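Here, each number is a calculation from the coordinates, and none is a lab measurement. Please read these numbers as outputs of a predicted model, since none were measured by experiment. Counting neighbours? That spans all protein chains shown, and the Cβs are built from the backbone with ideal geometry, glycine included.
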Amino acid sequence: MSDYGKKVIEKIMKAMVGVEVVTAKVMGCNAEVIRKCRELKLKCRIFEGENFQKINNQVAEYADLLVIIEGGENSGTILLAQNFLDKGKNYR
């Protein structure tokens, strides 16, 4: 994760008090989000596993809003965003 991404997470997570954070832990992804949740004692639902497509579907079914901080052109982030759109949900 870039320094920019870490700064954005810091700002967003401080505003998340009282809201459940939903994230996926796949192959080391989102470690910074999980660390920040624990540090700030936020309510956090973590979906884990090795099947990224299945995890994406679970996150898209469970969460109400998707916030993309950063992701590569060929990353699973694009698949998750598409999954949200397919389910008629919002992403930012």
Worksheet entry | Charge dipole (debye, nearest 20) of the chain; +1 at Cβ of Lys and Arg, -1 at Cβ of Asp and Glu | 380 debye
Worksheet item: In degrees between 0 and 90, to the nearest 10, how far off the longest principal axis of the chain does helix 31-40 point, with axes built from Cα atoms?
Response: 40 degrees
Fill in: Paramagnetic reach from Arg45 (point 7 Å along Cα→Cβ, amide N under 13 Å) across the range 8-32
19-24
Worksheet item: Taking a label point 7 Å from the Cα of Ile68 along the Cα→Cβ vector, which residues of the range 24-38 have an amide N closer than 16 Å to it?
Response: 24, 30
Item to complete: For Rg and Dmax of the Cα atoms in Å, several values are listed as (i) 15.4, 55; (ii) 12.3, 35; (iii) 12.5, 33; flag the one computed from this structure.
Response: (iii)
Worksheet entry | Gain in span if fully extended, Lys87 to Glu61, counting 0.36 nm per residue against the direct Cα distance | 8.6 nm
Fill in: Principal-axis tilt of helix 3-14 within the chain, Cα atoms, nearest 10 degrees
80 degrees
Worksheet item: In degrees, nearest 10, range 0 to 90: what is the angle between the Cα axis of helix 76-86 and the longest Cα principal axis of the chain?
Response: 70 degrees
Worksheet, complete the sentence: Cys residues of the chain with no disulfide-compatible partner (no other Cys Cβ under 4.7 Å) are Cys29
Discussion item. Can you sort Glu32, Glu73, Glu10 from fewest to most other Cβ atoms within 10 Å of each residue's own Cβ?
Written reply: Glu73, Glu10, Glu32
